[in-house]
Amino acid sequence: MLAETLDAALVGGGTDWASAVQQTGLDALGVPASEEGLGTDLRDAAVVAAAFGRANVVLPWAEHWVATRLGGRGDGGPRADGSAAALTRARGERERRWAEDALTTLHCAEIVGLCRRMLRDAALFSKERKQFGVAIASFQALRHRMADMAMILEQAEAITGAAIVSLEADEDPARERSVSAARVVCDDAARLVGEGAVQIHGAMGLTAELRLGGYFRRARMLAQGDGTARAHLRRYAA
């Protein structure tokens, strides 16, 4: 229900912090219900992150939620200075590591949302674009390409869900491995789905006329943060 409500609201153009977060009451997420908030469930925060991804609403939602979850209620406004603002609220090394993993997981959820929209746009465009008198969606090679894109996206969504579960359980070794696995798979999804969607659109893929370019750039920017996939591979293998 939350995802459907956000999708409908964001289509209307409410993409600034005030309309997307404050007016919708999302700033109460991360605040315990005992303090008149909407609760501290990470899964709810991930639903919001994915919805922002599907609409390519570029806001520091992950940083805001983590800072709020760690007791930052009342600061007001987005944490525009990024992860640092959230991590400064961590009390002790263990909480700091949890905060870093929560940020990574919410960024993974946003990547999944971005990829979901890029895949949808690519599939729709492939039915419209014609070569040799037929829609390119009928080409077997292209259908295989989109199937591969869909598979990595489903993997990314599933493993991000597993990371959320591990964060809620808050058992350090299992959590770190699960979050790092999600980060690596989402990096692959951002690259494979993004590049595939751009190529399916041909020369138009990265033009200002299409929203696809903005989605792809945002996905790649997120994929380059949170310590990079290579660092998470090392942590997973440790």
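The values are calculated or read from the model by the stated rules, or taken from the named source; none is laboratory data. Keep in mind that what you see is a predicted model, and the values were worked out from it rather than measured. Note that each Cβ is placed from the backbone with ideal geometry, even for glycine, and that neighbours are counted across all protein chains shown.
Annotation: of all residues in the range 71-103 being in contact with an Asp or Glu (Cβ under 8 Å, 6 or more places away or on another chain), within 22 Å of A20 (Cβ to Cβ) and buried (at least 18 other Cβ atoms within 10 Å of the Cβ), the one that is modelled with the lowest pLDDT is R79. The residue of the range 50-63 that is surrounded by the fewest Cβ atoms within 10 Å (Cβ to Cβ), among those that are out of contact with any Gly (no Cβ under 7 Å at 6 or more places or on another chain) and in a helix (DSSP H, G or I), is A55. Regarding G30, is this residue assigned to a helix (DSSP H, G or I) and either touching a strand residue (DSSP E or B) at 6+ places or on another chain (Cβ under 8 Å) or modelled with pLDDT of 90 or more (or both)? No: the conditions fail for G30.
Yes or no: the range 177-189 includes at least one residue that is more than 18 Å from the chain's Cα centre (by Cα) and either more than 12 Å from L119 (Cβ to Cβ) or in contact (Cβ under 8 Å) with a residue 60 or more places away in the chain (or both). Yes; the residues of the range 177-189 include at least one that is more than 18 Å from the chain's Cα centre (by Cα) and either more than 12 Å from L119 (Cβ to Cβ) or in contact (Cβ under 8 Å) with a residue 60 or more places away in the chain (or both).
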